[in-house]
1. Residues of the range B:324-334 being more than 9 Å from chain A (Cβ to nearest Cβ) and surrounded by fewer than 23 Cβ atoms within 10 Å (Cβ to Cβ), which ones?
2. Kindly evaluate B:L456 against the criterion of being surrounded by 23 or more Cβ atoms within 10 Å (Cβ to Cβ) and under 27 Å from B:I514 (Cβ atoms).
3. Determine which member of the set A:D97, A:D132 is in the same structural domain as A:V315 (by TED's automatic domain parsing) and farther than 24 Å from B:L223 by Cα.
4. Any idea which of (1) open to solvent by 40 Å² or more (accessible area, probe 1.4 Å); (2) touching a residue at least 60 places away in the same chain (Cβ under 8 Å); (3) in contact with a helix residue (DSSP H, G or I) (Cβ under 7 Å, 6 or more places away or on another chain) is the one A:V271 doesn't satisfy?
5. Please give the number of the condition B:F276 fails out of (1) touching an Asp or Glu at 6+ places or on another chain (Cβ under 8 Å); (2) within 25 Å of B:V110 (Cα to Cα).
6. Against the definition (part of a strand (DSSP E or B), open to solvent by 10 Å² or more (accessible area, probe 1.4 Å), under 29 Å from A:L93 (Cβ atoms) and of a type outside the set (K, R)), how does A:E279 come out, yes or no?
7. Could you tell me whether the range B:365-373 includes any residue that is over 30 Å from B:V322 (Cβ atoms), of a type outside the set (D, E) and open to solvent by 20 Å² or more (accessible area, probe 1.4 Å)?
8. With at pLDDT 95 or above and either buried (at least 22 other Cβ atoms within 10 Å of the Cβ) or touching a Phe, Trp or Tyr at 6+ places or on another chain (Cβ under 8 Å) (or both) as the only criterion, which of B:I135, B:I88, B:I115 stands out?
Amino acid sequence: MRFYQLRRLWLLIPLLLILTPMSSASISVDQSPSLVIYTYDSLLADPGYAFDRAFEVYAGLPNGSVQVNYLSDTGTILSRAIAEKNNPVADILIGIDNVLVHQAREENILTPYIPDGAEQLIDGLVDDLASDYLLTPYDYGVIALWYLNQEFEGDLDTEEFSLDQLLTEEFRSQLIVQDPRLSSPGLGFLLTSIALYGDDSDGILEGNWQDFWRSLSQETAITSSWGDAITRLYAEEDRTMMVSYTSSPAYGNCLWEDDTTTAVLPTVDGVQYGWQQIEGIGLVNNAPHTDLAMDFIDWFISEELQEQIHLNQWVYPARDGISAPDCYNTSIDPSTITPLNSLLSPDTVEQQLDMWLTDWEVSWIEGPVSSNDGLPINWIAALLLIPILRRRNKV
Amino acid sequence: MKHSHYAILLPFLAFLGIFFYWPMTKILTIAFSAGPEQILAVISNPLTTRFFRFTLGQSILTVVGATLLGLPTGYLLSRHRLFGDKFIRAALTVPFLFPPLVLLLGFVLVSENFISPIFNTYSPFSYSGIVIAHILYNVSLITRITESGFAGESQGLHDLARTMGSGTWSRFRDISLPQVKPALISGLLLVFLFSFNSFAIVLILGEVRLQTLEVMIYAQSRLRFNIETAAILAILQLSINLVVIAVYTRTSRSTSSLELNTLQKPPTKSLYATLFTYVIALLTWIPAMAVIYYVINQQSISLAEFFSSDYNRYLGTSSLRVILNTLFIGFIVAITAVLLSLSIVVFSYLRREESVDRLLIPLILLPMGTSAVTTGFALLQTHGQFSVFSKIVLVYIIAAQLLIAIPFATRAVSSSWENVPKEILQVTDTMDVSQVDVLRNVIFPYLRTGIFVAFLFSLAISIGEFGATFYLIRGEWTTLSLAIERLFTSRSTVLPNMYASFLVLFTLLLFWIIERVGTLELKL
């Protein structure tokens, strides 16, 4: 190729300059949105309810006025909002739960707002999430273990299931958990274990939560998100159980009349325990479009949206009086569950969370890695390099 | 000596000041204002020591593995005529240009479909998986660097040794090895540097158990909001990188040797050398071939998914736009990298500098020692506070990628400056011609090749960049590497392979053009 021919490459640049922004028009991102929302990418996603378009219709706004930025997880929503807190871009954050609320409070990224219709919310949810309405609850679910009945191998009595059973090789080699640093159900399950086992001296069960994780890490698979976990659940023959919600069986049952999955909660002395995850919507401090953001939050707890929660979000709506569809009959009745949240007060969670996550990381890696972290190989490899380096010095 | 000459460097210096020195100063301030107790606590934390050992250990294993495969290959390439000589050289160079995400995806695909069914317990998500992926990535680097090291050997020395009864092995040990050593060591150091700072491969294959310092910096700053801890780890990583780079620049300076009577290759083509090099080339190509094979196999689904809008929510934009973004950012990075590198040459000419080495340390060495994630972290800690940050995040993505591409671009351009015969410049100095004319008519023709290589190499770096872009990305500016990561395991297996295939094809095209205009130097 001659030099002058290569000059044609430069012609690509103006072409790209034109094409790149043009292609964005096709995904209807308005250049000056009236409302900007940060949320996670699975919100109301399956089979899907276009809440942004629905709100535009409700509020009489032109198509594209609501811009939703879907981020991979709640941690990313928080870290972006924290990075922008002096000059906020987003008006609303959706998906911060009753654990991450502390981080949001500490970083002062949200401002309390009591929405119209707040009195319709289920008793207790507001207090358990944020009694000052820093976040308004829009749904709740209970963290459970969810498995494929026909593929699961082992003896599992749903009435008398104990977390201790997970520690057998048979169970833990079929289990998939989520990284609690990244995933909110993953974090919920970590808190379940902390509430149930506690340290050596406390907790409902014998033992301590760090030993529980050390043992699990031997064979249990870990994923960075709930989405990754469900992919592996259906893709890998030998992985048949994952951390999910008590309402997960409803998904297959409602969409395809598939009742071959079951959710199970730990039971101690006949009492079913579960960590209740309450998700909230919050108004960003100094949001650019505060008034519209308030209208959106009001609408988010209205009947119109809340009726979509069961069949698109697969957990329970925060608004009272919305009954679950019949196909939820394969799920554990939430009223029969004793929430573990009362064992770990919000203050304790706030103070200890960072330490718990560090301890969890240590426990998780201490399992198989301690015997296989390549340390002896490292030193052998280092010894191999010494002669090369020494000989070089002599040259 | 005119101080006004420094004005030429002003854009370069301003760029580094705004996008590198200020952010890095901030990271230093955060780290050191934590106080000695906190610094000690972070460094002596069991997680830090464990992951530090891992970071070091896997880098050393990668170096050893890449050398075991790359050194014999480089030796055979330099000593023998092979069947398809040009082809095999190209095939052994390209894998180094493949984006890490392509390699990762292909490696996982091969492991899960071919290796795991045979060795039941094998998982690529393991220590050995990380090391193998790193080795596959770096074999080509060692091969090409040692090949040029071996190529400069003296025919006379070998003849002399042979007449004194010296065998092939002892000649290899006593003549070839000392000859190749400086080149080999700079190769080893580069491989060490790349694996020590590895991000994408370890982030995905290491899960939670195995983390490099790079992954730790990301996790501490982005997932745990422990800014101080992340800053302390970043400084620890930077210090080690700088020591390695300092040794590297010392050794790489001694690699050039002038031997007129270099070793002659035997006239006949060697079958066993051909076989060996083809096997090594095939090994390094397996991941790329796997993704392309996958897409060809799933052709109809691939196209349907590519044009479907189902994934826009996860990508932040459409698949088409992801490709356009990648190219757009790549071209801007490449053009800017060339312009900034050229300013160094113009400065050197105006100041009549023989070599640009004097400028290397502040302009190139420090950015080169700073990892991709640290670059993103530092930019977010400083520029992130401005209200325009999110709106003009594209500028920061480009800046971060530029910081990564600049060492390579300046190397390519400045080495062609060193080819300009300085005697001609002495002659033009005595003539009545303007410096602009000299630059345009005398110097520029010598630089053309360097400029094109710098442009294309920067483009290749930009389209494959992951760490910094991943750290900074917002909304619709997703690039191909990021899109692969986003859809890696969960939502679609077809689309990531499709994106990776596009990256492979584009990299091949770039390489083909580079080979046409000049040669690609796999060093700095």
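1. If the condition is that a residue be more than 9 Å from chain A (Cβ to nearest Cβ) and surrounded by fewer than 23 Cβ atoms within 10 Å (Cβ to Cβ), then no residue fits.
2. On the way: surrounded by 23 or more Cβ atoms within 10 Å (Cβ to Cβ): yes; under 27 Å from B:I514 (Cβ atoms): yes.
In short, yes.
3. Exactly one of A:D97, A:D132 is in the same structural domain as A:V315 (by TED's automatic domain parsing) and farther than 24 Å from B:L223 by Cα, namely A:D132.
4. (3)
5. Failing condition for B:F276: (1).
6. Numbers: part of a strand (DSSP E or B): yes; open to solvent by 10 Å² or more (accessible area, probe 1.4 Å): yes; under 29 Å from A:L93 (Cβ atoms): yes; of a type outside the set (K, R): yes.
Judged against the criteria, A:E279 is a match.
7. Within the range B:365-373, one or more residues are over 30 Å from B:V322 (Cβ atoms), of a type outside the set (D, E) and open to solvent by 20 Å² or more (accessible area, probe 1.4 Å).
8. Matching residue, one of B:I135, B:I88, B:I115: B:I135.
The values are calculated or read from the model by the stated rules, or taken from the named source; none is laboratory data. Bear in mind that the values here come from a model prediction, so they are computed numbers and not experimental data. Cβ coordinates were reconstructed from backbone atoms using ideal geometry, including for glycine residues, and neighbour counts include every protein chain displayed. Accessible surface areas use protein heavy atoms only, side chains included; no ligands, DNA or RNA. Shrake-Rupley method; radii C 1.70, N 1.55, O 1.52, S 1.80 Å.
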